[in-house]
Amino acid sequence: MDNKIRAAITGVGGYVPDYILTNQELEKMVDTNDEWITSRTGIKERRILKGEGQGMSVMAEQAVNELLAKTKTDPLDIELVICATVTPDMIFPASANIISDKTGMKNAWGFDVEAACSGFLYSLNIASQFIASGTYKKIVVIGADKMSAIIDYTNRETCIIFGDGAGAVLLEPDTSGNGLQDAILHSDGSGRQFLYQKAGGSAYPPTEETVAKHEHYVIQEGKTVFKFAVTNMAEVSYQIMERNNLKADDIAYLVPHQANKRIIDATAQRMSLPPEKVMMNIHKYGNTTNGTIPLLLHEWESKLKKGDNLIISAFGGGFTWGAIYLKWAY
Ligand code: UT7
């Protein structure tokens, strides 16, 4: 055993809003049906945050408060906060700053990471560098999105997929061999034409025309994104196994981004993993973008054991994708 400092997850918090948007309700809103949605995506329902002025940080605040309480952590001891999101409360200031203020993490500095569905994966890796280098001892990494704010509920190709939710983890140093072992991360900006939100940034600031043309909503060429996602997420998950000499038997769980059950199944198959080793809650929450991975860890927390080998993987807009190999620390 080496004495290397690794970043270990030492707690998880999670939050989803109460309102449940079912496939049956969507059938009344667009030309779709439960059978199509279930067979093509695996999704039955998603959660939606309702209420005027209720932004992503409302959910992130709840997740962080649960995390701090559960781990008995004084918010003033948190040194860095990284928030992965594509739906910040506002374009600026960063949501990490807003959440830190709301939860009393007053001594921390922080920033947002925008890497679409791979944002939480990217953020875990960024945070891990600060721990492994000995710079910090307590970092909160948040993955949260209020996708309902940027979804066009007249577009059946996107509105059936996404939902709202938030999760947060605490990262601390571990010298016993557990924690983050390896990461493979990628991006390819030429994929930007297949999954994006056109207006609202500096290229196309909001105008009456951008609003009328529904350009402030997610636009996705589903079939193309599916092809890239299914290949790249499976390959990178397999690659990180190989690189670390892991066989299917060595892996306790795959923690896959929840975009489509068919993508998750293909990834598990490439890794030769049986369904019971695959975390999945897409049927309940849909694709919460940056919320998917921490929400899975939150739901499975009680089943995880110290030393369990987890492979966390994601694919998303950008394109961005990657995998992390982590040994669970508690
Ligand atoms: O998390 C970020 C990364 N995103 C992803 O990984 C998403 C990747 N893409 C997907 O998950 C899938 O492509 C979708 C779920 C978005 C779509 O599934 P698909 O099996 O690729 O369907 P498709 O786009 O090829 O559409 C098949 C048919 C089309 O009709 P025609 O042309 O065959 O007559 C669509 O118009 O299904 C139609 N369709 C629908 N029918 C009922 C599209 N959306 C719907 C709908 N309900 N909601």
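Here are a few things to note about the model shown:
- Residue satisfying all of: in the range 32-71; hydroxyl-bearing (Ser, Thr, Tyr) and more than 16 Å from the ligand (Cβ to nearest atom); nearest to the chain's Cα centre (by Cα) among these: Ser57
- Index of the failed condition, Ser202 passing every other in (1) of a type in the set (Gly, Ala, Ser); (2) away from the ligand (no atom under 14 Å from the Cβ); (3) within 18 Å of Arg47 (Cα to Cα): (3)
- Among the residues making up the range 221-255, those that are more than 16 Å from the ligand (Cβ to nearest atom) and more than 17 Å from Trp328 (Cβ to Cβ) are Tyr238, Gln239, Glu242, Arg243, Asn245, Lys247, Ala248.
- Filter result for the condition that a residue is within 16 Å of the ligand (Cβ to nearest atom), in contact (Cβ under 8 Å) with a residue 24 or more places away in the chain, among the polar types (S, T, N, Q) and touching a helix residue (DSSP H, G or I) at 6+ places or on another chain (Cβ under 9 Å), over Gln258, Gln197: Gln258
- Unique residue being assigned by TED's automatic domain parsing to the domain that holds Leu68, under 27 Å from Ile282 (Cβ atoms) and in contact (Cβ under 8 Å) with a residue 24 or more places away in the chain when the list is Gly191, Gly165: Gly165
- Counting the residues of the range 288-330 that are of a type in the set (A, V, I, L, M) and either in a strand (DSSP E or B) or in contact with a Lys or Arg (Cβ under 9 Å, 6 or more places away or on another chain) (or both) gives 8.
- Within the range 135-166, the residues that satisfy the criterion of being crowded, with 24+ Cβ neighbours inside 10 Å and more than 16 Å from the ligand (Cβ to nearest atom) are Ile139, Val140, Val141, Ile142, Ala166.
- The single condition among (1) assigned to a strand (DSSP E or B); (2) touching a His at 6+ places or on another chain (Cβ under 9 Å); (3) surrounded by fewer than 18 Cβ atoms within 10 Å (Cβ to Cβ) that Thr38 does not meet is (1).
- Filter result for Thr210 (away from the ligand (no atom under 16 Å from the Cβ) and in contact with a His (Cβ under 8 Å, 6 or more places away or on another chain)): yes
The values are calculated or read from the model by the stated rules, or taken from the named source; none is laboratory data. As the structure is a prediction and not an experimental result, all values here were calculated from the model. Quick reminder, even Gly has a Cβ in these numbers, built from the backbone with ideal geometry, and neighbours come from all protein chains shown.
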